[in-house]
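Engineer: Handing you a structure now.
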Amino acid sequence: MSKFCSTRYSMLIAVLGAVASVPASADVFFKDGFETGGFSHSENGVSWNSPEKVTVVSDRASEGSRAAKFHFIGSSDLAADAWAELRFALPTNRNEIWIKYDMYIPSNYYHREASGASNNKGLIMLWGGNYGSMTTQSAISFWPSFSSSRPGQSMMCADIKTNGGESTHYCQQSNLPDKGVTAATETIAINPNTDGGKWHTFIIHYKLSDVNTSNGILQLWKDGTKIWDTNNVSNHAASTGNNYFNNGYILGWSNSGFNVDTDIYLDNVFFADTAADLNVSSLAPSPPTDAKAN
């Protein structure tokens, strides 16, 4: 092979290799594994902001060498809350989004029954407008299990704001917008007995409903299994012009608090337009009803 042909062949191989390394979809518009050592990474207008009790550390990672650690300060006072959150800004007003990330649940995770009415912890929240005057709000929160046989376990609830009104907790996915839930119908999201000391992959799909319509979507997968699936959600703003998401945060306020200092880790964060962009188009179907609570 001549030197010229050899050079062209090498260039072709290099180009093909570069193409092969590009993700299957260009519609993952943000990804971060915190390998920069902080929260400086921005992509396509998405950026982190206002970290509260969150630092990038190298003592544990799902992939690479770093992850974000959320430090919740524990207290024996059952009235004491805890707080650790990482906010993000979206580049444009959106009415649908797919989010995927890895989260490490520590072995000492325990959802206690706190004093007072609010015993929830947040997983993620998105909203439109300013935080103090949200036009939309869709969140996933965890509440202590209704079953006395499941101490320390967290069940899932959907927190939904409709028409810009008050946020309401819906904890029974089979019949939204009814709020009733029992130990038999709750959806367990975190079981420290089996989930503690491990990394887990969460995928969240949010879609706002059209104004005055109940066609919004809220779905949650954990480790490839769909554990929450509602497509009749009424989570719209009062007007079409305000019907969007432009901000959000991961984890956040824990009204129930923790008995001891509890560190939850975050890694491999992806924001995308569709499930296919995350290579999760063939996600497993919802588990049978009798498998939701363990």
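The values are calculated or read from the model by the stated rules, or taken from the named source; none is laboratory data. Computed from a prediction, not measured in an experiment: that's the story for all the values here. Please note: Cβ atoms are built from the backbone with ideal geometry, for glycine as well, and neighbour counts cover all protein chains shown.
Engineer: State whether one or more residues within the range 226-248 are of a type outside the set (Asp, Glu) and under 15 Å from LYS121 (Cβ atoms).
Structural biologist: No, every residue in the range 226-248 fails to be of a type outside the set (Asp, Glu) and under 15 Å from LYS121 (Cβ atoms).
Engineer: If you don't mind, there's one more thing I want to ask. Could you check LEU218 against (1) assigned to a strand (DSSP E or B); (2) within 17 Å of SER154 (Cα to Cα); (3) of a type in the set (A, V, I, L, M) and say which number it fails?
Structural biologist: (2)
Engineer: Let me ask something else about it. Step by step: first the residues of the range 249-294, then only those that are under 27 Å from HIS111 (Cα atoms), acidic (Asp, Glu) and at pLDDT 85 or above, then the one that is farthest from the chain's Cα centre (by Cα). Which residue is that?
Structural biologist: Checking each candidate, the answer is ASP261.
Engineer: Something else: Among the residues in the range 52-61, are any small (Gly, Ala, Ser) and at pLDDT 95 or above?
Structural biologist: yes
Engineer: Criterion first (aliphatic (A, V, I, L, M) and at pLDDT 90 or above) does ILE160 satisfy it?
Structural biologist: no
Engineer: Which of (1) surrounded by 17 or more Cβ atoms within 10 Å (Cβ to Cβ); (2) under 22 Å from the mean Cα position of the chain (by Cα) does HIS200 not meet, given it meets every other one?
Structural biologist: With respect to (1) surrounded by 17 or more Cβ atoms within 10 Å (Cβ to Cβ); (2) under 22 Å from the mean Cα position of the chain (by Cα), HIS200 is out only on (1).
Engineer: Within the range 173-192, restricting attention to residues that are assigned to a loop (DSSP other than H, G, I, E, B) and touching a strand residue (DSSP E or B) at 6+ places or on another chain (Cβ under 7 Å), which residue is modelled with the highest pLDDT?
Structural biologist: THR187
Engineer: Return the residue satisfying two criteria in turn: it lies in the range 142-171 and is touching a His at 6+ places or on another chain (Cβ under 7 Å) and assigned to a strand (DSSP E or B), and of such residues it is nearest to LEU251 (Cα to Cα).
Structural biologist: PHE142
Engineer: Of all residues in the range 51-68 being polar (S, T, N, Q) and either within 19 Å of the chain's Cα centre (by Cα) or not in a loop (DSSP other than H, G, I, E, B) (or both), which is surrounded by the fewest Cβ atoms within 10 Å (Cβ to Cβ)?
Structural biologist: So the residue we want is THR55.
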